[in-house]
Structures are given as C-alpha cells and as structure tokens.
Amino acid sequence: MIIQFSRVFLIALLLAVAYHSTAFAVPSAMEQIEATVKEALTVLQEPADKEVEGRIAQREKLRQVIFNRFDFEQMSTGAIGRPWRKFNDSQKNRFIDLFKEVLETAYLDKIVDYQGEVFRFDKEVEESAATRRVDSTVISKGQEFRLSYRMLADGDQWRVFDVIIEGVSLVSNYRSQFNRLLRNESIEALLIKLQEKVAKQKAKEVTEAVNIKP
C-alpha cells in the first residue's frame, strides 16, 4: 500500500552546496532547507559509535534534524484529500502520528547510505504569499534528477509539505493509494494498516541496528 520514496529524495536531505546569505531578513525557504541538509550531513560525519545504542542514537538525532523541517499535519491533509473531512478529531490525530512514523521509520536507514552524490539548489519560486517552491538538482553517477520542495510559511520558519521528484508529487502518490483503499474499506481499517506497517518498520529498524557488523 505504501509507496517508497525515491532514493533521490533521501539523498537530497543529506547534501547541499554551501549557501551564504548576507541578508538581514528571516532566512528564505531555500536557506532554511539548505541549513537542515547541512546539519544532517554534519551528524553523519560525526565519529560513528558502533554500539547498538550509538547507532540508534544517531538515527534519532537525524530524525529530529531532518523531519523538524516537515509539516506532517499539512502532508497528512494533502495525502488524504477530500475524505479528510470524514475523519473525526481522534482519527485525524492518529493518522498524522502514524503517517509521520511511516515516512520517518521506513526511509531513515536509506539516509545514511550517502554515496557521494552532488546536490545543487537552483532557485526559489514564490507560489503564493505563504508558499514557496525550492527547485534543485541531484547528480548521481553522472545522471541528473529534478527535485523540488514545496514549503509553507510557519511563523518565521518554512516547512516542507510536499516533495516533487521528476515532476511527480509525493503527496499526490500517497493520496491515490489512500483514496483507493478508503473506497473499499473504513477509516479505521486504514489506521490499522498503518499501525501494522509502523510496527513492522520499527522491528526491522532495531533488528538491522543489532545486526550491523562493526
């Protein structure tokens, strides 16, 4: 049911060309996503603790650095679309928490798989007063991939609410799958499936941390 992130998207969270701003205003959306990427890369470059607890701690630190830049409530609303109005408050909160876990847990192990790809920020586009699109290019093994972050203003912060990979929206892909499931099953059935998915992912994460050889 759950589609996989493009590896390009995960790489994009880890690499950036240094961006220096002389502006005195609040950092732009592009500056903020670049800062997040650079901080994540710094975490990856710290001396590795080969103990299980150390590897899990590194993953948790990466989780906090990277996904603090994301607006999971907005992503959840977009990933469900119109049926979101049929969710009660409890169901909405459960879905947001589970969807966040799915996105984080499923792909965090791939984030540490950086293999020297080059990431370049190209431009920032104003879509509306409250939204920006940051266009970028990932160069991997001689191939270039287009990747854009759509970001929403949150006070003086800009948070990602969608990622577009080679013209394909991440949120739209999830919405197609979730809507297809909701046409045949209940909201509770969807939540149960997500809960089962999260449980399997967490078990796999712990198992892999234990089995990694020093």
(message) Amide H of S169 versus every other amide H placed in the peptide plane: which residues, excluding those fewer than 5 positions away on the same chain, fall under 5 Å?
(response) none
(message) What distance in nm separates the two pseudo spin-label positions at A57 and I192, each 7 Å out from Cα along the beta-carbon direction?
(response) 4.0
(request) Neighbouring Cβ atoms within 10 Å as the yardstick, rank T42, T77 fewest first. (result) T42, T77
(message) Under the 0.36 nm per residue contour assumption, what length would be gained going from the current alpha-carbon distance of A129 and N173 to full extension?
(response) 13.3 nm
(request) Would you mind calculating the gained length between L181 and D89 on full extension (0.36 nm times residue separation, minus the Cα-Cα distance), in nm to one decimal? (result) 31.1 nm
(request) Return the long-range amide H neighbours of D122 (sequence gap of 5 or more, or a different chain), with a cut-off of under 5 Å between placed amide H atoms. (result) D135, S136, T137
(message) Net charge within 15 Å of A129 by Cβ-Cβ distance, Lys/Arg positive one each and Asp/Glu negative one each, not counting A129 itself?
(response) -2
(message) Using 0.36 nm times the number of residues separating D156 and E73, minus their current alpha carbon distance, what extension gain do you get?
(response) 28.1 nm
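Only the coordinates and a few stated rules stand behind these numbers; no lab work does. On a predicted model such as this, the values are computed, not experimentally measured, just so you know. All Cβ positions, even for glycine, are placed from backbone atoms using ideal geometry, and neighbour counts span all protein chains on display.
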